[in-house]
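Q: My structure is below; once you've seen it, I'll send some questions.
Taken together, the values in this text are just the output of simple stated rules run on the coordinates, not laboratory data. The structure displayed is predicted, hence computed values, not measured ones. Using ideal geometry, Cβ is built from the backbone for each residue, glycine included, and neighbour counts are taken over all protein chains shown.
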């Protein structure tokens, strides 16, 4: 099944603010799709439109223009949210409830039968390493444990779409890995996952594709691999490397930089790279490493956010 579970097309949202009723554009015609089984990251600085996008998807605010659909239904239809699991940032679970009680409430609100809630609660708390805390009041939970319980509440009714805002906030490194594994397991069953996070390293490790929002527009969208690839740039470690060899590289049209004891080579294509390797060997150099270079997602994000905005 390749039909998108989340479809956002030409989405625009305007607010009016102040006595002069100044128009503020929160979303300026964005297009985003998330397919079944896909982990999709929504990135952007504060005020870029991430929260507004999620609010539109949840029916908490109405779009000014464009369309948004979940599971083929317009988000204006309450039925579109029946199989959606949502974890907001900084969520609050009443601290007098136990984990079992919290999951029971969320399950009943989703229309689940009591027996199904019981079995699903045990399954989720086992996965999230909270089994021993099932009858402990939430007030005794750490921030990371509360975050895990919030994820369990979002998953209790086996949603087909997950909307997650900072799902690993306050969770230790081991817990973050476990949550990543759970999200991947959910994706394998066909769940579409849309998550927001300021932890770009987590997005990079978790998501298949990402969209970077800037001033209400999509500044970039694509696979993490595609966005972080630096083009034809390679790291070469070889010895000996002398000025004559570097000059020979440059004469062949390659860009060459010395960086922390290795060379960074900018080449036209693979054939050009192989010609440089031949030159290195002809000069008596022995290669110990040759690898393509890529940016981190954080590098790409910062470059996109800091780039001058192009005026229409």
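Q: Working from Cα positions, state the angle (0 to 90°, nearest 10) between the long axis of helix 143-155 and the longest principal axis of the chain.
A: The helix 143-155 is inclined about 70 degrees to the chain.
Q: If you fit an axis through the alpha-carbon atoms of helix 99-109 and take the longest principal axis of the Cα set of the chain, what angle between them do you get, 0 to 90°, nearest 10?
A: Roughly 80 degrees, rounded to the nearest 10.
Q: Show me the ranking of peptides 29-42, 152-165 by mean Cβ neighbours inside 10 Å, starting with the highest.
A: Numbers: 29-42: 20.3, 152-165: 21.9.
So the order, starting with the most tightly packed, is 152-165, 29-42.
Q: Just the number, please: Stokes-Einstein D of segment 60-168 in µm²/s, Kirkwood Rh from C-alpha pairs, 25 °C, 0.890 mPa s. Display every interim value, and only then the final one.
A: Values: Rh = 14.7 Å.
The calculation lands on 166 µm²/s.
Q: Rounded to whole Å, give me the distance from the Cα center of segment 94-163 to that of segment 234-249.
A: First find each Cα centre; the distance between them is then 58 Å.
Q: I've got another one for you. Would you please give the FRET efficiency between residue 24 and residue 305, computed as 1/(1 + (r/R0)^6) with r the Cβ-Cβ distance and R0 = 25 Å, to the nearest 0.05?
A: On the way: r = 19 Å, r/R0 = 0.77.
My answer for the efficiency is 0.85.
Q: Separate question: How much of the DSSP beta bridge set in the chain is antiparallel, as a percent to the nearest 5? Could the numbers behind the result be given before it?
A: Details: 40 of 57 bridges.
Here the share of antiparallel DSSP bridges comes out near 70 percent.
Q: Running a GNM on the chain with Cα contacts under 10 Å, which residue among 120, 21, 176 ends up with the highest mean-square fluctuation?
A: Result: 21 has the largest fluctuation of those listed.
Q: Percent antiparallel among DSSP beta bridges with both residues in segment 124-231, to the nearest 5? Could the numbers behind the result be given before it?
A: Values: 6 of 11 bridges.
Beta bridges within segment 124-231, antiparallel portion: roughly 55 percent.
Q: Separate question: Suppose we keep just the DSSP beta bridges with both residues in segment 181-312; what percent of those would be antiparallel, to 5?
A: Working: 22 of 22 bridges.
If we restrict to bridges inside segment 181-312, about 100 percent are antiparallel.
Q: Would you mind computing Rg(Cα) / (2.2 N^0.38 Å) for the chain, counting N as its residues? Before the final figure, lay out each step's value.
A: Details: Rg = 24.4 Å, N = 312, 2.2 N^0.38 = 19.5 Å.
The value comes to 1.25.
Q: A further question follows. Measure nothing fancy, just the Cα-based angle from helix 114-127's long axis to the longest principal axis of the chain, in degrees from 0 to 90, nearest 10.
A: The angle comes out at about 30 degrees.
Q: Tell me whether segment 91-154 comes out rounded, prolate or oblate; compute the Cα gyration tensor, take square roots of the eigenvalues as a ≥ b ≥ c, and use a/c under 1.5 as the rounded threshold.
A: Working: a/c = 1.76, a/b = 1.40, b/c = 1.25.
Prolate.
Q: Given the peptides 276-287, 61-72, arrange them by the average over their residues of other C-beta atoms within 10 Å, most packed first.
A: Details: 276-287: 14.4, 61-72: 17.1.
Descending packing order for the listed peptides: 61-72, 276-287.
Q: Here is a follow-up. Suppose the Debye formula is applied to equal point scatterers at every Cα of segment 103-245; what is log10 I(q)/I(0) at q = 0.15 Å⁻¹?
A: -0.84
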